[in-house]
Amino acid sequence: MTHATRIIVGVCVAFVAVATVAPVLVFACPFCNAPSLTLTEQLAGADAAILVKWIGGTPANPTNTGTTEFEVEEVVHQHKSGQLEKGMKLNLIRYRLGKSGDLFLLLGTLGGEVLDWGSPLEVSRLGFEYMKLSPKPDQPAAQRLPYFLKYLEHSDRLIGDDAFGEFANASYADVVLLAKDLPREKLRGWLTDKETSAGRLGLYGMMLGLCGTADDVTLMEHKILEVTEDFRLGIDGVMGGYLLLTGETGLTVLEEQKLKDKKAPFSETYAAMQALRFMWQYGGNRISLERLRQSMRILLDRPELADLVIADLSRMKDWSQMDRLMTLYDDEAYNVPSIKRAVVRFLLAGTKDTGEKKDENTKKAGAEPPLKEVPTATIGSATAVLPAHVGHALECLATLEKKDPKTVNEAKRFFLLK
């Protein structure tokens, strides 16, 4: 296993540890880097915001941090008792390199009655106007995002990065509302431009899946099937967008090229898994749940992925795999603690899925679990007939408790179910 693979595995294990059974709830872009505080959020959270220009200063030395002198160009907002005004001079501790006339944004937080200024953020006049005119964070996303859509990949890096950050923070549902307004031709160009930041490709791939046509399938498929040994940041989003456009036809391509092919780099296979998760969570009826389960089952043949796959199958409520997992439990190739714990958690989840609250994905797929007369359980004052998988899961757990009580107890200790 390469160093890069070990890093990815570490991230995956962390993901599984907190979401072994519970649904994957993603409140931001499913294929973006971790959301960060955007400029509008920083502006809204500051007690004072001003545009200043650099005048001069005293450089730092071994005994002093130096000072920087600024002149106020514009007051965006300040506390009601504030006395900041255009032309006022500010002398701040710490030297900030600059030249006469350079513009900076200063954000201040009240510490008692004194403003504590944060680090000066260098801005262009255009960047400042972009920030000043940005919709406030408390406005609905449907009203805010169209403004930032215009600035994706802007030549001013501060603007382009911040506009992307707004979409990275946005939910998938919010982005879907913009589908008809997404810049299809620009998205095609950004996906094929080597200058596009790799961290943005996932968002752009997903967007193209929302607004694209049959003409975009070839472009996306070509990018997905590029032969590479490198870790490709964002390719999971391209795969997700590709599945939105192609449905089961595209899923078959991913199965053959990324899931079944054991020579495919781990990162590519994991990206395909992420695309499956995306379609399960957000794809609606584009691909049926049972078809997605079939794809995920393929990866049970890969011991290095088994614990992750078992966790996904648990979230997908694929209780048909209990016997197979019991067989894998005794397979030497799968004799890894994390896999054994994943099997136990899968069974525990199976015992909890009594059918009281039917899973929306299951209902959409038309895959209602079969019922049988036993076992039964008392729920409130009524006796309920439980799905067949519950009894089978209980039987399997009883077998494992006799065979491997230590692992079963460990798995139970950290079992989370929501």
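The values are calculated or read from the model by the stated rules, or taken from the named source; none is laboratory data. Here the structure is a predicted model, which is why all the values come from computation and not from measurement. All Cβ positions, glycine included, derive from the backbone under ideal geometry; neighbour counts span all protein chains shown.
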Within segment 83-94, does at least one residue satisfy the condition of being among the basic types (Lys, Arg), in contact with a strand residue (DSSP E or B) (Cβ under 8 Å, 6 or more places away or on another chain), part of a loop (DSSP other than H, G, I, E, B) and over 21 Å from Leu39 (Cα atoms)? yes
May I ask you to verify whether Arg302 is under 18 Å from Leu394 (Cα atoms) and surrounded by fewer than 18 Cβ atoms within 10 Å (Cβ to Cβ)? no
Of the residues Phe128, Phe104, only one is part of a helix (DSSP H, G or I), closer than 17 Å to Thr38 by Cα and not aliphatic (A, V, I, L, M); which? Phe128
Identify, please: which residue in segment 161-173 is small (Gly, Ala, Ser) and part of a helix (DSSP H, G or I) and is, among those, surrounded by the fewest Cβ atoms within 10 Å (Cβ to Cβ)? Ala173
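Tell me, yes or no, whether segment 99-106 has at least one residue that is of a type in the set (Asp, Glu), modelled with pLDDT under 95 and over 20 Å from Leu201 (Cα atoms). Don't jump to the end; show me each part of the working.
Taking segment 99-106 first, the residues of a type in the set (Asp, Glu) are 102.
With modelled with pLDDT under 95 added as a condition, the list becomes none.
No, segment 99-106 has no match at all.
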When segment 144-160 is checked residue by residue, the ones that are buried (at least 16 other Cβ atoms within 10 Å of the Cβ) and in a helix (DSSP H, G or I) are Arg144, Leu145, Tyr147, Phe148, Leu149, Leu158, Ile159, Gly160
Of the residues in segment 250-266, how many are more than 20 Å from Arg188 (Cβ to Cβ) and modelled with pLDDT of 95 or more? 9
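Being touching a strand residue (DSSP E or B) at 6+ places or on another chain (Cβ under 9 Å), surrounded by 14 or more Cβ atoms within 10 Å (Cβ to Cβ), over 16 Å from Gln42 (Cβ atoms) and not assigned by TED's automatic domain parsing to the domain that holds Leu149 narrows it down to one of Leu97, Leu107, Leu103, so name that one.
So the residue among Leu97, Leu107, Leu103 that is touching a strand residue (DSSP E or B) at 6+ places or on another chain (Cβ under 9 Å), surrounded by 14 or more Cβ atoms within 10 Å (Cβ to Cβ), over 16 Å from Gln42 (Cβ atoms) and not assigned by TED's automatic domain parsing to the domain that holds Leu149 is Leu103.
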Among what's in segment 280-295 and is more than 14 Å from Thr249 (Cα to Cα) and hydrophobic (A, V, I, L, M, F, W, C), pick the residue that is surrounded by the fewest Cβ atoms within 10 Å (Cβ to Cβ). Trp280
Extreme residue, farthest from Ala170 (Cα to Cα), among residues of segment 104-157 that are within 24 Å of the chain's Cα centre (by Cα) and of a type in the set (A, V, I, L, M): Leu152
Just to be sure before I move on: is Ala141 in the same structural domain as Leu203 (by TED's automatic domain parsing), touching a residue at least 60 places away in the same chain (Cβ under 8 Å) and surrounded by 13 or more Cβ atoms within 10 Å (Cβ to Cβ) in the structure I sent? no
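This table checks each residue for (1) in the same structural domain as Glu256 (by TED's automatic domain parsing); (2) touching a residue at least 60 places away in the same chain (Cβ under 8 Å); (3) assigned to a loop (DSSP other than H, G, I, E, B); (4) crowded, with 21+ Cβ neighbours inside 10 Å.
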position	(1), (2), (3), (4)
Val175	yes, yes, no, no
Lys186	yes, no, no, no
Leu191	yes, no, no, yes
Glu195	yes, no, yes, no
Gly199	yes, yes, no, no
Gly202	yes, yes, no, yes
Gly205	yes, yes, no, yes
Leu219	yes, no, no, no
Arg232	yes, no, yes, no
